[in-house]
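Just so you know, all these numbers are worked out from the coordinates, no wet-lab data involved. Everything numeric here is computed off the predicted structure, so don't read it as measured data. Positions of Cβ are generated from backbone atoms using ideal geometry, with glycine treated the same way; all protein chains shown enter the neighbour counts.
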């Protein structure tokens, strides 16, 4: 049996009740429990706490594998070690000596189900006794007396030729029950290293860590999970600031121009070939957009629109699809209501702040007019 163990206590001086403080819309402890719940390799999950408030929150998740364990008060104080509560738990419960025990830290929400399952695969294939998670750092370290620790400064390596060093990120550890009780340690014997992304090195201990972790969660974890459960049947998009760079181009003959990007054109072709309908919705009314729309074979073109959400609702009714099956990308105030109501919302890197702050929005890496729609399409088609 593979047993996961998540110690979470009430006391936290730097961030009070941090284990149940909301992070990206969920209590912090939710993220590791959700990953453990969905990990194929985990049979049971025990949350060890001394706090009724934490108990109530954990029980509200209704995770079938999760059980709450009441840890002794003496092992919930600041000076108590994690090993002490692990040993307390194992001594009070009956497990087989060869059961696997997975210590998971709630303060590292970057753990994914695949990490847990893949780590068990590595533990087995490497014939190791225990395992810990690390990140690879390509940094040069020095001692305080001026000695280089992990490289020869006389032959300074290029970054691409430097293997780097592994930093323990505290995400999770795996060992046999028998070994933990024998050595009174989470690690023993031959130790395997499971590598996680560098961003996962940030643990939540101080207020600044919280801000950084939340930013990384949105960028690396939530952007993928938002897409994972979405069935998209309509891609709608704004024009200026999305399909274009929002620039106004005037020529000597008085003709106005707009700059589009061929990457977006290819993206729209790909989404159309996938059977997904397309729509362009803009507040302006120009022949340029009409011509571009025809060339791209856009299914629906709406110009001079002030209420974009109503127009999308009309398209949904005609196509017999749900608003939750609509993906929309916008960048400015006129797009806000639509972004707040569709199933999948996205914005360019240079969108205004109020758009970037829409709950659950996917913030893309490209700016408007440089292929940001193609970036969005790639995410939709490869989720």
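When you restrict to C-alpha pairs under 8 Å that are six or more residues apart and normalise by the size of the chain, the relative contact order lands at 13 percent. Annotation: the antiparallel percentage among DSSP beta bridges lying fully within the chain is about 30.
Here the extension length gained between residue 163 and residue 72 equals 28.4 nm, from 0.36 nm per residue of separation less the Cα-Cα distance.
Taking a point 7 angstrom from the Cα of residue 188 along the C-beta vector, which residues in region 111-150 have backbone N less than 19 Å away? Residues 123-124, 127-133 fall inside that zone.
Against the longest principal axis of the chain, how steep is helix 28-38, in degrees 0 to 90 to the nearest 10, with axes from Cα atoms? That works out to roughly 90 degrees. Among 282, 133, sorting on how many other beta-carbon atoms sit within 10 Å of each Cβ, with the fewest leading, yields 282, 133.
Among 31, 210, 142, sorting on how many other beta-carbon atoms sit within 10 Å of each Cβ, with the fewest leading, yields 142, 210, 31. Considering only alpha-carbon pairs that sit under 8 angstrom and 6 or more positions apart, the relative contact order computed for region 133-181 is 49 percent.
Among 308, 176, 295, determine the one that fluctuates most according to a GNM of the chain built with springs between C-alpha atoms less than 10 Å apart. Checking each option, the largest mean-square fluctuation is seen for 295. When both bridge partners sit in region 230-381, DSSP labels roughly 10% of those beta bridges antiparallel.
Working note: 222 nm ellipticity from helices only, DSSP H runs with n ≥ 4, each -39,500 (n - 2.57), summed and divided by the residues of the chain, gives -9000 deg cm²/dmol to the nearest 500. Approximating the spin labels as points 7 Å out from Cα along Cα→Cβ, the residue 60-to-residue 337 distance works out to 3.2 nm. Spin-label model, residue 262 to residue 114: label points 7 Å out along the Cα-to-beta-carbon direction sit 3.2 nm apart. Candidate values (i) -0.35, -0.45, -0.71; (ii) -0.45, -0.57, -0.80; (iii) -0.30, -0.39, -0.62 were compared with log10 I(q)/I(0) by the Debye sum over Cα atoms at q = 0.07, 0.08, 0.10 Å⁻¹ computed on the shown model; the agreeing label is (ii).
Remark: spin-label model distance residue 353-residue 14 equals 2.7 nm, labels positioned 7 Å along the Cα→Cβ axis. Please determine, in degrees from 0 to 90 and to the nearest 10, the orientation of helix 207-216 with respect to the longest principal axis defined by the Cα atoms of the chain, where the helix direction is its Cα long axis. Helix 207-216 and the main axis of the chain meet at about 50 degrees. With a Förster radius of 45 Å applied to the C-beta separation of residue 320 and residue 250, the computed FRET efficiency comes to 0.55. Between the Cα long axis of helix 113-125 and the first principal axis of the chain there is an angle of about 50°, rounded to the nearest 10. With a Förster radius of 56 Å applied to the C-beta separation of residue 40 and residue 79, the computed FRET efficiency comes to 0.90. Counting every other Cβ atom within 10 Å of each residue's Cβ, 107, 49, 82 order from fewest to most as 82, 107, 49. Dividing the mean sequence gap of close Cα pairs (under 8 Å, 6+ apart) by how many residues region 251-377 holds gives a relative contact order of 24 percent.
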